[in-house]
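The values are calculated or read from the model by the stated rules, or taken from the named source; none is laboratory data. Everything numeric here is computed off the predicted structure, so don't read it as measured data. Here the Cβ positions follow ideal geometry from the backbone for every residue, glycine too, while neighbour counts run over all protein chains shown.
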Amino acid sequence: MTPTDPVAFVDDRLRTSRPLKAVLRYVFPDHWSFLLGEMALYSFVVLVVTGTFLALFFDAGTSEVVWHGPYAPLDGAQVTTSYASALDLSFKVPGGLLFRQTHHWAALLFVVAITLHLLRVVYTAAFRKPRELNYLVGVLMLGLALLEGYAGYSLIDDLLSGMGLAIGWSVSMSIPLLGGAISTLIWDGPYPGGEAFLPRLFIVHVFIVPAVLAGLIGLHLAMIVRQHHTQFRGPGRREHNVVGSPMWPGYALRSLGWLAATSAVLVLLGGLVQINPIWQWGPYQPWLGENGAQPDWYLGWLIGALRLMPGFDVTAFGRTLVPNPFFGGLLFPTVVFGLLFTFPWLDRVAFTRDRAKHHLLERPRDNPRRTGFITAVVVWVATVFAFGASDRIFLALQISYDLQLWLFRALFFVAPVVAYVIARRWAEGLRRSGAHPLRGVQADVVLPPRQPADARVGSDAARREG
């Protein structure tokens, strides 16, 4: 070793060459669907970068100030410090509007990517033993992403976010027995809340939930590396190897390109496509409700559930035991996430009776009953989600609200059954014919370009435990 050889110097003291070599030779399977998880990861990176910038200029508070700025309709208006700082970011801080809108678009893409990634996991049975724990981490991240998004757009204290908080207060109050105490604790008093509410929400949105999400992402990736990736069946692919590209240089460069592409698209959206123009909504006042704007898409299914539920309370002895918002605002999402959290064990009991370890994925056609059930649940939630846009449907198609209400209530029960039958029969037909699901011809296994054997197939050091 020469005195000028820093790599050898570090390796001689820390013995880093062997673990570094193992990392660089780690094999990733080649399939486009695996990029959905990376899209979620890189959206989170953009969220952290843009959110850090926004936090430097945002003042979460309910103190009243008079705002002066270039937007004439609000110049001289009395608003809260939260709304005023959001307006300053939009009109006064250089690059503030770009960062605000990029942050918002990244939040939407983050939830989209997690949702699509989760659908890929359940449809291909990537949740099976030994990956149940990693699957649960993914479902928990989806729930936290929804909470983080709701907290983020609620901070601004514009008319849209204020109406969303009013709905959140009603749902929180509907918790049997404990609703009043829990709501008062969270809101720091009766609605619309005390002075500590928005600062608390700011801490939750900027520090607590992102830190938990970052930890879960790290845990998720660590478990993937420990157990290695799943892969689809094909020539040379077995339960205890991985066929694909090594970390360096093939996969690392491709992944960096995906990071650059994801970031570039989000910045372009932030600069060119307007989203959440808070100056048009105006500041929140509890007695105002004329805003026709819709909340972010990932809350549409909860709005739809609240609208779809018949208007009754559970009462006894002259007291309301279960208020109406409980059913759509808490019971329905609890059922949905309950199905998600228990699905690995539900699948084992209802569809496979299989307790063996699996590292090879299944195609949706390989288990038609499971595919039918998943599709039925997706259509069930999508039906509720669609009714969340009932006012938009009325404006676009002039279909009366009452007609929509009864139509969607019928679809709530009928659509999942129809979806189950269609999806199951389609999967059974594909399994019998071996046809490609889109092209209708015999499906062929397409392999990636040929690479050296040690790059394509995991070495003994990278094999999974049986």
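A few comments on the model shown:
- In the stretch 401-417, the count of residues that are modelled with pLDDT of 90 or more, under 30 Å from Trp297 (Cα atoms) and hydroxyl-bearing (Ser, Thr, Tyr) is zero.
- Residue match in the stretch 315-325 (condition: assigned to a helix (DSSP H, G or I) and surrounded by 19 or more Cβ atoms within 10 Å (Cβ to Cβ)): yes
- Hey, Met163 closer than 29 Å to Leu288 by Cα and in contact (Cβ under 8 Å) with a residue 12 or more places away in the chain or not: yes
- Of the listed requirements (1) closer than 21 Å to Val377 by Cβ; (2) surrounded by 13 or more Cβ atoms within 10 Å (Cβ to Cβ); (3) in contact (Cβ under 8 Å) with a residue 24 or more places away in the chain, Leu407 misses just one: (3).
- Members of the stretch 149-159 found to be surrounded by fewer than 23 Cβ atoms within 10 Å (Cβ to Cβ) and either more than 26 Å from Trp287 (Cα to Cα) or hydrophobic (A, V, I, L, M, F, W, C) (or both), listed by number: Ala151, Leu159
- Options Ile156, Ile182, Ile175, Ile224: the member that is touching a helix residue (DSSP H, G or I) at 6+ places or on another chain (Cβ under 8 Å) and either acidic (Asp, Glu) or within 24 Å of Tyr42 (Cβ to Cβ) (or both): Ile224
- Some residue of the stretch 276-284 being modelled with pLDDT of 85 or more, crowded, with 19+ Cβ neighbours inside 10 Å and farther than 30 Å from His68 by Cα: no
- Helices (runs of 4 or more DSSP H) wholly inside the stretch 13-104 that include at least 3 residues being of a type in the set (Ser, Thr, Tyr) and either in contact (Cβ under 8 Å) with a residue 12 or more places away in the chain or closer than 20 Å to Leu221 by Cβ (or both): 35-55, 81-91
- Being within 24 Å of Arg237 (Cα to Cα), in a helix (DSSP H, G or I), modelled with pLDDT of 95 or more and under 30 Å from the mean Cα position of the chain (by Cα) is a description that applies to Thr371.
- Any hit, the stretch 294-304, residues being over 30 Å from Tyr26 (Cβ atoms), assigned to a loop (DSSP other than H, G, I, E, B), modelled with pLDDT under 80 and not acidic (Asp, Glu): yes
- Search result, residues across the stretch 351-409 that are out of contact with any helix residue (DSSP H, G or I) (no Cβ under 9 Å at 6 or more places or on another chain) and aromatic (Phe, Trp, Tyr): Trp406
- Residue selected from the stretch 191-213 under the condition free of Cβ contacts under 8 Å to residues at least 60 places away in the same chain and assigned to a helix (DSSP H, G or I), by the criterion farthest from the chain's Cα centre (by Cα): Arg200
- Residue check, Ala264 among the small types (Gly, Ala, Ser) and either over 30 Å from His358 (Cβ atoms) or not in a helix (DSSP H, G or I) (or both): yes
- Subset of the stretch 72-98 [loosely packed, with under 14 Cβ neighbours inside 10 Å and more than 13 Å from Asp157 (Cβ to Cβ)]: Ala72, Pro73, Asp75, Gly76, Pro94, Gly95
- Scanning the stretch 226-238 for residues that are loosely packed, with under 12 Cβ neighbours inside 10 Å and in a helix (DSSP H, G or I) turns up just one, Arg226.
- Residue within the stretch 22-37 that is closer than 30 Å to Thr371 by Cα, crowded, with 20+ Cβ neighbours inside 10 Å, under 18 Å from the mean Cα position of the chain (by Cα) and not β-branched (Val, Ile, Thr) present: yes
- When Val122 is tested against the conditions (1) farther than 30 Å from Pro368 by Cα; (2) at pLDDT 95 or above, the lone failure is (1).
- Taken together, Gly271, Gly236 contain a single residue that is of a type outside the set (S, T, N, Q) and on the phi > 0 side of the Ramachandran plot, which is Gly236.
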